[in-house]
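Shown next, in structure tokens, is the structure this report addresses.
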Amino acid sequence: MENKTIGATGRRKEASARVQIKEGKGKVTVNGKEVLEYLKRQTLVDHVQKPLVDNDLMGNFDVICKAKGGGLTGQAGAIRLGLARALILRDPSLRSVLKKAGFLTRDAREVERKKYGQPKARKRFQFSKR
């Protein structure tokens, strides 16, 4: 596949990300900014790049992402899932490695709703017996 872009979608919490990969020098951009400039923390950048690092593909692809919704952590998780899915579309032989590492599992945890008569989802007002 000569310089063909491959796209996939990832989601986590309230965030969703459209990820496109193409042959390149390893540049990662999110919403038009450099990845560290957008995500602000090196730990989140490492989290996003883990599927590439684990498969020794770090300098081979340019990654272009459009992320929206949620916060930075959710967006980082969404980008990672989208990136892993895009890598599989390009090379199906990577599926077993990515699946074993847990990159293809959508993190289904969502925020629990607040209940009426309580200050938060699980927190209760102080109970008085008498």
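Give the residues of segment 1-20 that are of a type in the set (A, V, I, L, M) and either surrounded by fewer than 17 Cβ atoms within 10 Å (Cβ to Cβ) or within 14 Å of the chain's Cα centre (by Cα) (or both), sorted by residue number.
Met1, Ala8, Ala15, Ala17, Val19, listed by residue number.
Identify, please: which residue in segment 87-104 is closer than 19 Å to Arg18 by Cα and touching a residue at least 12 places away in the same chain (Cβ under 8 Å) and is, among those, surrounded by the fewest Cβ atoms within 10 Å (Cβ to Cβ)?
Of everything passing the filter in segment 87-104, Leu89 is surrounded by the fewest Cβ atoms within 10 Å (Cβ to Cβ).
Scan the helices (runs of 4 or more DSSP H) fully inside segment 1-91 and keep the ones with 2 or more residues being within 21 Å of Arg109 (Cα to Cα) and in contact with a Pro (Cβ under 7 Å, 6 or more places away or on another chain).
Passing ranges, in order: 72-90.
Please state which one of Val28, Val111 is over 13 Å from Gly10 (Cα atoms) and either of a type in the set (Lys, Arg) or surrounded by 12 or more Cβ atoms within 10 Å (Cβ to Cβ) (or both).
Of Val28, Val111, the one residue that is over 13 Å from Gly10 (Cα atoms) and either of a type in the set (Lys, Arg) or surrounded by 12 or more Cβ atoms within 10 Å (Cβ to Cβ) (or both) is Val28.
State yes or no: is Gln49 in contact with a strand residue (DSSP E or B) (Cβ under 9 Å, 6 or more places away or on another chain), of a type outside the set (Lys, Arg) and within 21 Å of Asn3 (Cα to Cα)?
yes
Which condition breaks for Thr73 when tested against (1) under 10 Å from the mean Cα position of the chain (by Cα); (2) under 15 Å from Lys22 (Cβ atoms); (3) β-branched (Val, Ile, Thr)?
That leaves (2) as the condition not met.
If the Cβ limit is 7 Å and pairs must be 6+ apart or interchain, which residue in segment 55-78 that is closer than 9 Å to Arg12 by Cα pairs with which residue that is among the hydroxyl-bearing types (Ser, Thr, Tyr)?
Ala78/Ser16
Within segment 51-82, can you find the residues that are under 15 Å from Ala101 (Cα atoms) and at pLDDT below 95?
Pro51, Leu52, Val53, Asp54, Asn55, Asp56
Restricting attention to segment 97-117, which residues are among the small types (Gly, Ala, Ser) and not in a helix (DSSP H, G or I)?
Listed by number, the residues that qualify are Gly102, Ala108, Gly117.
Output the residues belonging to segment 31-63 that are surrounded by 19 or more Cβ atoms within 10 Å (Cβ to Cβ) and closer than 15 Å to Leu89 by Cβ.
Pro51, Leu52, Phe61, Val63
The values are calculated or read from the model by the stated rules, or taken from the named source; none is laboratory data. Small disclaimer: the values here were computed from a predicted structure and weren't measured. All Cβ positions, glycine included, derive from the backbone under ideal geometry; neighbour counts span all protein chains shown.
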